[in-house]
Structure formats: C-alpha cells, structure tokens
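Peer 1: Before anything else, here's the structure in question.
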Amino acid sequence: MWIASGLLLDGAVIALGIAYGLGLLRRKTKARDRPSRWIWQALAFALGWLALAAALLSPLAPLTEISFAAHMAQHVLLLMIAPPLLILGKPLAPLMNALPSPWRRPLGYWFFSPLLRSPLHLLTRMPIAITVHSIAIWLWHAPLTYQAALTNEFIHYLEHLSLFGSALLFWWSIINSGRQGYFRYGSGVVALFLMALHTKLLGVLIALAPDPLYITYATSVSPWGLSALEDQQWAGLIMLLPCGFTYLFTGLILMAAWLTTAERQREPTPQPGITTRHWH
C-alpha cells in the first residue's frame, strides 16, 4: 500500500520543507531588522515538519498497518505535535516567497480574497473548529471507518487529510485566540479542556474494551509477543496520556496568558495630572 502511492505524499511533505527553507532564505535577505523573530518561527516550523515527516515518512508509517499502538502514535504526531508547531512557524510568507515572482501577486490576491478568506474565517471560529476536529477524531476511531481506512488506500489518505486538516483549524483558532479579544482567551481554555476530556474518554474506551476492536490487528502483532488486545490497550494509553497531557498543558499556558492579560487590564491607567510648580 505505502510503496504504491506513498511517493506522492512523500514528495508533498519534502516539497513543503524545501519551499519553506527557500522562502525563508529570501525573506532573510529582505528583513534583517528583527532576526530573532523569524529564527524562532523557523525553529517551530522545523520541529513541526520533523513531526510530520516522522508520522508519514519514517518507518512508523508502515508499522501502522501492523500495530494499533503505532497507528495511535502517528495520530498523536498528526493531531497534536505537527499542527501547532507548523502554525507557529508562520509559513504563509516564506511559502509565498518561495514561488516565482510572477506567481506571487495573483496567488496572494486569491488567498486574501473574500472567496477564500470568508470560509476560512468561519471554519476557524472556535466552536466550529472544535466541533469539526472532535467529529473527525471520533469518526476515524470508530471500528467501521477505522477498518475501512486500513483496507482501502484512498480512505486511508482521506483519514490523514481530515484529521490533519481539522487539527490545523483547531490549533489555528487556539493560537490566535488571544489576538481576537480578551474573552477569546477563556473560550480557548474551555476548548482545550473539552478536547482533553473527550480524548481521555476515547482513550479509556479503547484501553478498557474487552475485545479487539479492529480485526486487522488480530494476529499482526503476535510476532512481537503481544496479543491484539494488549496492543489495543497500549493504543488507548497513548490516546489517554500524551493526548490529554498536551491539551491540558496548552490549556494551562493559555490560562496563564489569560490571567496575565486580566491583571494588566486591572491596573489603573495613568491619568494626566496638573503639574504645579512651587515657587520659593
């Protein structure tokens, strides 16, 4: 499965990294006033790209057809590690700079046109983003759809696309919540804790299931000395612990930013006073 059609996916991931690097080099020569800013952005993008490559290009990818635990580890990379880091890397400007000069203006005009911006703005509204992302997570871990993705290559890539795409929408709304008003901090914290709650629930349901949920893994992990049920329990723990910790940790960071903003708003604004002179 992976040898037949993985080349297109591999090429897309590799092209993404090359394009970002090329665009960053061009940007570096034009904007040297604040080098520390793009250095941190480049570092975040590099880490996010490495997480994406680990999920889709590394030996972990073929292992997902053998082990449910490996498949869950891949989902952690696609859902919680790669998306926020890629977004923090601010990839739009470098990717646009990587394009040939004649292409930049029309593509930039199209990207910032209301035809595209309006749907993106709607999808990144926090209630919609968390709903879409949550539905994608539960849908692709249901036995019927999960089994279909394991046996059909097109459905498998559709699974990756919907999970990763909905994760980008969700993390975009979280990362940009503080820029959209004071009260959006609170909605971001609530969204992260809700995500932690229902992913932990999914992890518990998977880990405590009395029987294997997916017939494909019935005998595939036996050479490793694991039963299908034990492999499934490990997968549930991966969903329960790393996933829940990531959401909770990010929620605490956002809450700290929220409290800091609240404290600053409580500080009295200096009022212009009347300066008096004392004559001696």
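The values are calculated or read from the model by the stated rules, or taken from the named source; none is laboratory data. Keep in mind that this is a model prediction, so the values were computed, not measured. Please note: Cβ atoms are built from the backbone with ideal geometry, for glycine as well, and neighbour counts cover all protein chains shown.
Peer 1: If you take the residues of segment 54-84 that are buried (at least 24 other Cβ atoms within 10 Å of the Cβ) and over 22 Å from Q233 (Cβ atoms), which of them is nearest to the chain's Cα centre (by Cα)?
Peer 2: In this case the residue turns out to be P83.
Peer 1: Checking the structure you have, find out if any residue of segment 111-127 is surrounded by 18 or more Cβ atoms within 10 Å (Cβ to Cβ) and among the hydroxyl-bearing types (S, T, Y). Can you show your working first?
Peer 2: Within segment 111-127, the subset surrounded by 18 or more Cβ atoms within 10 Å (Cβ to Cβ) is 124, 126.
Filter once more, so that each one left must be among the hydroxyl-bearing types (S, T, Y): 124.
Checked segment 111-127: at least one residue is surrounded by 18 or more Cβ atoms within 10 Å (Cβ to Cβ) and among the hydroxyl-bearing types (S, T, Y).
Peer 1: Among the residues in segment 109-129, are any in contact with a Leu (Cβ under 7 Å, 6 or more places away or on another chain), modelled with pLDDT under 85 and of a type in the set (S, T, Y)?
Peer 2: yes
Peer 1: State which residue pairs qualify: first residue more than 19 Å from G188 (Cα to Cα) and inside segment 127-143, second residue exposed (fewer than 14 other Cβ atoms within 10 Å of the Cβ) in any location, beta carbons under 9 Å apart, and separation of 6 or more residues or different chains.
Peer 2: Here the result reads P143/I215, each pair linking segment 127-143 to a residue that is exposed (fewer than 14 other Cβ atoms within 10 Å of the Cβ).
Peer 1: Would you mind telling me which numbered condition in (1) closer than 21 Å to L241 by Cα; (2) touching a Leu at 6+ places or on another chain (Cβ under 9 Å); (3) in contact (Cβ under 8 Å) with a residue 60 or more places away in the chain L194 fails?
Peer 2: Of (1) closer than 21 Å to L241 by Cα; (2) touching a Leu at 6+ places or on another chain (Cβ under 9 Å); (3) in contact (Cβ under 8 Å) with a residue 60 or more places away in the chain, only one is false for L194: (2).
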